[in-house]
Amino acid sequence: MVEVLMEPCSQELIAEKGCNLNNPNSVIRLANNDSNLKEPDLTPIQSFYNGQSIFITGGTGFVGKLLIEKLLRDCPGISNMYLLVRPKKGKDVHERIEELFDDPVFSLLKEKHPKFRHQIVAVAGDCVQPGLGMSAADRQMVARDVSIVFHVAATVRFDEKMKLAVPINVRSPKDVIDICKECSCLKAFVHVSTAYANCPYNLIEEKLYEPPMDADKLVTLTDCMDEKLVEEITPRLLGGWPNTYTFTKAIAESVVVKEAEDLPTGIFRPAIVISTYKEPIRGWIDNLYGPTGVAAGAGAGLLRSIHCDGAVQANVVPGDLTVNALIACAWDVANRRKSISKDGNNFQIPIYNYVSVDNPITYDQLKDLSERYGLEFPSGKAIWYYSFRNNKYKIVHLFYVYFLHLLPALLMDTAMVCMGKQPR
């Protein structure tokens with residue numbers, strides 16, 4: 001495992017260990033330095049990003065926001081940051097960029113580097129569209145200037161329809177790789193996958209696994225068939241994969257290995273990404289996916305039970321530490337490619353599993369910790385006192401569902417109707 005710390009890497013340690021991810025005991029340190037530091041004052045990772053232009057997809061998502069914030073705040077030497085953004089709800093990309101940086105997560109960045117906006121370049125596009133929906137002029141601009149690429153964009157909904165999951169999670173990685181092939185000065189391309197892409201296996205090592213289906217066949221199938229028919233055959237397509245998210249992410253990894261074998265590429269597999277540990281805001285998160293949604297539902301008094309074995313390890317990782325590791329991966333990919341080129345050997349795409357093996361926590365422990373602080377700071381929107389439990393056995397879980405979910409909801413809606421109001 002890789003330990004990511006927030007302190008400068010000493011020259012002695014660099015000389016001794018090289019701060020290399022190849023060494024399992026290595027320590028990668030990202031320093032919080034001022035923007036006026038000169039080259040000798042920069043850490044190896046800051047030096048790598050100094051003067052580089054970066055292209056990021058998925059920048060408006062949770063991990064994307066943290067990645068943008070961290071790079072701009074602690075790698076001030078970055079030349080330009082190109083963000084792929086799609087128009088949405090009648091707002092163009094520039095309006096969406098303005099909304100993006102209004103988020104409180106960028107408050108510390110604005111204090112430390114108030115003029116960071118000149119580094120941002122909005123690129124209109126959409127990962128659902130072929131070729132990322134980019135114009136020819138924008139594509140040429142990115143290919144000419146960019147040297148580091150992070151493909152973070154994905155649909156992370158477990159129940160996403162295959163017709164939408166495939167273009168975003170399977171086809172868009174190939175589209176990003178096609179752009180990378182056009183980049184004249186590419187140093188690193190990192191594809192963000194998930195530790196659960198290969199969940200049917202009991203042991204997930206840092207290696208590529210056989211995909212459940214050929215990517216080209218899946219893309220052709222979803223393009224040619226209507227949505228209703230695709231939905232009907234989805235259960236058969238999934239096989240041993242539990243949902244469309246893990247299924248498509250597994251196939252995406254095979255796309256990266258097949259299409260980017262000649263590029264300085266890495267695959268980053270984080271576990272379940274939760275709120276931040278320390279920075280830029282302690283405990284910050286902007287979505288209700290995974291454990292966060294469960295905690296929100298329980299805290300509001302709406303969720304009383306979940307079918308879950310509390311003794312199972314909850315493989316959760318803080319958002320800020322995840323982004324630190326992601327930033328370090330691009331640096332390591334470039335270093336590996338450089339050393340391989342000198343040795344004359346073939347470059348093997350490295351895969352990085354970022355999981356909580358070294359500091360595990362069970363779902364019961366996660367529930368207890370959430371309960372402790374949730375009761376101390378209760379939600380103002382709670383409609384019932386907190387009472388939540390993990391139930392290993394389905395029959396017990398169903399008992400709680402019927403008597404603590406459905407029955408109270410039925411009684412409340414009946415009362416609403418009797419008062420002449422709309423049922424909730």
Note down the net charge around GLU210, summing +1 for each Lys or Arg and -1 for each Asp or Glu among other residues with Cβ under 15 Å from its Cβ. +1
The set of residues whose placed amide H lies less than 5 Å from the amide H of THR265, leaving out same-chain residues fewer than 5 positions away, is PHE189
Kindly provide the trypsin sites (Lys or Arg not before Pro) of region 233-306 that DSSP labels as loop, not H, G, I, E or B, and whose Cβ sees at most 16 other Cβ atoms within 10 Å. LYS278, ARG282
Based on Cβ point charges of +1 for Lys and Arg and -1 for Asp and Glu, what charge dipole magnitude is obtained for region 288-372 about its Cα centre, in debye rounded to the nearest 20? 340
Note down the nm distance, to one decimal, between modelled labels 7 Å out along Cα→Cβ at TYR402 and at ASP41. 6.9
If R0 is 30 Å, what FRET efficiency do you get for GLU95 and ASN243 from their C-beta distance, rounded to 0.05? 0.35
Size of the dipole of the chain about the Cα centre, Lys and Arg at +1 and Asp and Glu at -1 on the beta carbon, nothing else charged, in debye to 20? 680
Mean separation of Cα contacts under 8 Å, 6 or more apart, over the residue count of the chain: relative contact order %: 15
Report the net charge of residues surrounding PRO408, where surrounding means a beta-carbon distance below 13 angstrom and charges are Lys +1, Arg +1, Asp -1, Glu -1. +1
PHE347 label point, 7 Å along Cα→Cβ, cut-off 11 Å on backbone N: hits in region 224-265? 260-265
Quickly work out the GLN313-to-GLN140 label distance, labels modelled 7 Å from Cα along the C-beta direction, and quote it in nm with one decimal. 5.2
Count the net charge of all other residues whose Cβ sits under 12 Å from the Cβ of THR234, scoring Lys and Arg as +1 and Asp and Glu as -1. -1
Given the options ILE233, ILE306, ILE168, state which has the largest fluctuation in a GNM of the chain using a 10 Å cut-off (strictly under) for Cα springs. ILE233
Just to confirm the filter: which trypsin sites (Lys or Arg not before Pro) across region 329-423 are DSSP coil and have at most 10 other Cβ within 10 angstrom of their Cβ? LYS381, LYS421
Starting from the Cα gyration tensor of the chain, multiply each eigenvalue by 5, take the square root, and state the resulting semi-axes largest first in whole Å. 37, 26, 23
Placing +1 at every Lys and Arg Cβ and -1 at every Asp and Glu Cβ, with all other atoms neutral, what dipole size does region 308-424 have around its Cα centre, in debye to the nearest 20? 320
Find the relative contact order for region 38-131 and round it to a whole percent, using C-alpha pairs within less than 8 Å whose residues are 6+ positions apart. 30
Options LEU221, GLY133, ALA252, ranked by Cα towards positive dipole end of region 131-254, top entry (Cβ charges): GLY133
Taking the alpha-carbon centre of each part, the distance from region 389-424 to region 59-114 in Å is 41
Hey, what did region 189-311 get for relative contact order, percent, Cα under 8 Å, at least 6 apart? 36
Please report the carbon-and-sulfur percent of the accessible area for the chain; probe 1.4 Å, protein heavy atoms only, DNA, RNA and ligands left out. 54
Per residue, what accessible area does the chain have, given a 1.4 Å probe and all protein chains present, in Å²? 50
Only loop residues by DSSP count here, and only those with at most 16 other Cβ atoms within 10 Å; note down the GluC sites (Glu not before Pro) in region 190-293 that meet that. GLU205, GLU206, GLU261
Amide hydrogen neighbours beyond the local backbone of GLN52, cut-off 5 Å, H modeled: SER79
Put a dot 7 Å past each Cα toward the Cβ at LYS207 and TYR373; how far apart are the dots in nm? 3.8
Rounded to the nearest Å, the spacing of the alpha-carbon centers of region 303-366 and region 170-190 is 22
At 0.36 nm per residue, and after removing the present C-alpha to C-alpha distance, how many nm does the segment from ASP216 to MET412 gain when stretched out fully? 65.5 nm
Please enumerate, by chain and number, the aspartates and glutamates with C-alpha under 18 Å from the C-alpha of LYS228, excluding those fewer than 8 residues away in the same chain. ASP159, GLU160
Which of PRO242, PRO167, PRO280 moves most in a GNM of the chain, Cα contacts under 10 Å? PRO242
Gaussian network model of the chain, springs between alpha carbon atoms under 10 Å - residue of SER379, SER275, SER193 with greatest fluctuation: SER379
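The values are calculated or read from the model by the stated rules, or taken from the named source; none is laboratory data. Because the structure is a prediction, the values reported are computed rather than measured. Glycine gets a Cβ as well: all are built from the backbone with ideal geometry, and neighbour counts include every protein chain shown. Each accessible area value is taken on the protein alone, full model and side chains, heavy atoms only, with ligands, DNA and RNA left out. Shrake-Rupley method; radii C 1.70, N 1.55, O 1.52, S 1.80 Å.
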